Amino acid sequence: MGNWVDRIAEPWGGRTPYGRHQPWPARLDTYLAEGVGPDDVERWVQTASILHSDGDAMDIAVRDGAMVGVRGRVVDRVNRGRLGPKDAFGWQANASPDRLTRPLVRQGGRLVETDWDTAMDLVVSRSRALLQERGPGSIGFYTSGQLFLEEYYTLAVLARAGIGTNHLDGNTRLCTSTAAEALKESFGCDGQPGSYDDIDHADVIALFGHNIAETQPVQWMRILDRLDGSDPPCLICVDPRPTQVARRAAVHLAPRGGTNVALLNALLHEIIRTGRVDHEYVEARTVGFEELAKTVAPCTPEWAADICDVPAAKIREAAELLGTADKFLSTALQGVYQSHQATAAAVQINNLHLVRGMLGRPGAGVLQMNGQPTAQNTRECGANGDLPGFRNWENEAHVADLAKVWNVDPKSIPHYAPPTHAMQMFRYAEQGSLRMLWISGTNPAVSLPELSRIRSILGQERLFTVVQDLFLTETAQLADVVLPGATWGEKTGTFTNADRTVHLSDRAVEPPGEAKPDLDIFLDYARRMDFRDKDGGPLVTWRDPESAFEAWKRCSAGRPCDYTGLAYGKLRGASGIQWPCNAQAPEGTDRLYGDGIAWAHPDACETYGKDLVTGASVSVAEYRSLNPDGKAVLKAAEYLPPHEEPGGDHPFQLTTGRTLYHFHTRTKTGRTPQLNAAAPDVWVEISAADAAAEGLGEGDLVDVTTPRGSLRGRLRVTGIRPGLLFVPFHYGYWDAPSGCGPDASTPGRAANETTITDWDPVSKQPLFKTAAAAIALVERADGRPSAAPTTTASAPVPALAVPATEGGPAAHVLEVREPDADNSPGSAR
């Protein structure tokens, strides 16, 4: 027996406290559709979450060929049976009545249904014509962080070696490109050093711009259980909003937007000043300490306090915790990655660990987090602007090795320049050199910055746009061809979470209508295009998910992300396994860099690095001179002010972000009843002091305007730092209220109408966190509050009487502590 918990009202469920160095207790979470009990379930099918980067292991309940619920997998190391709200309820979107079930093509300005042959013939004929007339640089591919490993790898092969284009990137460019770049800058190669298991052992956990309670809710459950157990960790929270993390933190720093580098340099300054550097570790495993120490020498807490608008005493307090910790874990996400000097800031987080020797041991690690469930796979497979297997595009030996794997001439793999990042691809489309763009599993007409520009680009007559998705999204509505994809639960494949854990997801049900798995669509395209290797054989030799996985294993062999010790049979029924997994580590690898920095040598590294201020590439000669022995690089960066500062007609800073109940542009979560009801519409957060100064109150309808555009939403008065406005970015137009939309005379509700076309010079990740904005009243609330949840960082200030966010009986999840070994969920409702 267990407890029924409203997991909208109590998103993180009940506690299972445990002490430091103890294993995290299991808790089995189960949600079944109304009227369905455990005995009604015909099959439980193994999978993992597709709505965030936790990698929560799950089983799908199947009855009469349909999904009827989910449960956590207690055998899995990642979640020990727990489910977050999106895990528990999000599966219902698969059966939404507006799923795409047949291909669409544009005729006479309208999208009309057609058959697969007609749609694919149109795609292939346009591809061949462009290759003949304009060459491979006229074709680009923009993918997701939500497909499967096998699909990304197939896409990388057909794009790089089949088409021969350099224009292949993912929406991970908006999400985790800074995480990857920071790891490459510090360690010579991508790959997460830490593990979620470090939560069990750390005595200090520092979260930099990472609202883990809402973006990775199951790992927040783990932290909450540690906080309620013996010897709890101290939390350091760097976030301008009063998140759940901030409320439980020993030190909460709420800096002014765009000042992360100043704050981090001050923390490094204090650690060096107080003699907390592990000089033996630094000497043995790093280069660059002298330059780092010189750069941060003037960066006192008082200096940073003036820039960041946080008390110097608080900076010292945080530095004291970091400097005296036995073992500390750091995490970072979009508050770092999407802000000014993104890579420079993320690298300084790595530097905190390197100067203290806090890597490669239980509790001592870095998690440069991901935001999407398969963002790690785009990076490994080369679908995000890198070469597969973390190979270096500037290293001819790496390119030749990849060419050998694919049996092609090295010259056929484009490596004449850096792989094209997404923002540049859209610029090429805007300028006219890119004439075909294939978009799979993402919605840039809502997620990219400065949406008026993006709509204009996608709406060009000369740009042939293919969109592969589940629904007729805002982007699909602008396409020339729309291909209906199958999704999670309807196809088989693997995906890798933020701490390198590989999970298998088996097909549970058939996709609706004529929808096809993304892998099948890519394989069909490769067959129709007749891509060949150098001996005249098929370039793509695999035919299904498992054979594609085996092909990827060959590509990963001997590389940092080595999968050769994994197999579908090994992953089926068991826990997820962390790569590298090979003959030397047959059960996987908990942490990287416990025995030294493995992939930073000039002959092995994924990159030679970039200047953290300008983004200029470091040459191989410069890198060899700096780091001949392949150590970690302590890379310094001076603070620079943001490119756009508040003032004049735009006195506020505007930042965008996420809420617990939604994922990206709500393509799935907006079609999930419990999740949509918890956060049905956009809102604007403002501090109580700013609301009073502007004469605004809770629920007032307001316009937020920047030099790019405006959005409209109802106001939520919170404990956010003064001078800052927050807007969730999830909301587009497909379910917008009447009168809202890109063609309406009134502002819409998409946050990215207002954000700037600007990106980090190193990672090329767009900046969504530092726009200058104004706010203006449209109409009074008349007692109507905003739609913002009360359970999360958007909770109103205590003085406001706002109805609590609840889900009611429809959101009841069964939680069972000490579950049966067979993963049994117990009694039904």
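Rule-based calculations on the coordinates, nothing more; no lab input. Predicted, not measured: the structure shown is a model, and the values here were computed from it. Note that we place each Cβ from the backbone using ideal geometry, even for glycine, and neighbour counts take in every protein chain shown.
Couple of notes before you dig in:
- Among ARG63, ARG749, ARG82, sorting on how many other beta-carbon atoms sit within 10 Å of each Cβ, with the fewest leading, yields ARG63, ARG749, ARG82.
- Calculated log₁₀ intensity ratio I(q)/I(0) where the Debye formula runs over C-alpha points of the chain, q = 0.05, 0.06, 0.09 Å⁻¹: -0.23, -0.34, -0.83
- Length gained on full extension, ARG462 to ASP121, computed as 0.36 nm times the residue gap minus the Cα-Cα distance: 120.9 nm.
- Volume of the convex hull of segment 652-797 (Cα atoms only), normalised per residue: 119 Å³.
- In percent, rounded to a whole number, the relative contact order of segment 327-387 is 39, using alpha-carbon pairs under 8 Å and six or more apart.
- Inter-part distance, segment 431-473 to segment 590-656, computed on C-alpha centroids, equals 30 Å.
- For the pair GLN431 and GLU550, the difference between a 0.36 nm per residue extended length and the Cα-Cα distance amounts to 38.8 nm.
- Annotation: amide H-H contacts under 5 Å for THR143 (H modelled 1.01 Å from N, sequence separation of 5 or more, or interchain): ASP169, GLY170, ASN171, SER440.
- Distances between placed amide hydrogens fall under 5 Å for GLY713 paired with VAL702, VAL704, all partners being 5 or more residues away or on another chain.
- Based on DSSP H segments of at least four residues, each scored -39500 (n - 2.57), the chain has a per-residue ellipticity at 222 nm of -7500 deg cm²/dmol.
- Most positive-pole-ward Cα, ALA9, GLY19, THR30, against dipole of segment 1-60 from beta carbon charges: GLY19
- Subset of LYS553/LYS635; LYS631/LYS764; LYS610/LYS668; LYS327/LYS610; LYS668/LYS769 violating a 27 Å alpha-carbon distance limit: LYS553/LYS635; LYS610/LYS668; LYS327/LYS610
- Across the chain, C-alpha contacts under 8 Å between residues 6 or more apart give a mean separation that, scaled by the residue count, equals a relative contact order of 21 percent.
- Per residue, the average separation of C-alpha pairs within less than 8 Å and at least 6 apart gives segment 3-83 a relative contact order of 28 percent.
- All other residues whose Cβ lies under 14 angstrom from that of LEU626 are scored, Lys and Arg at +1 and Asp and Glu at -1, for a net of -2.
- Charge context of ALA793, other residues only, Cβ under 13 angstrom, K/R +1, D/E -1: +3
- Overall form of segment 3-83 per C-alpha gyration tensor (a/c, 1.5; a/b vs b/c): prolate
- Shape class for segment 429-469, computed from the alpha carbon gyration tensor (a ≥ b ≥ c): oblate, with a/c not under 1.5 and a/b at or below b/c.
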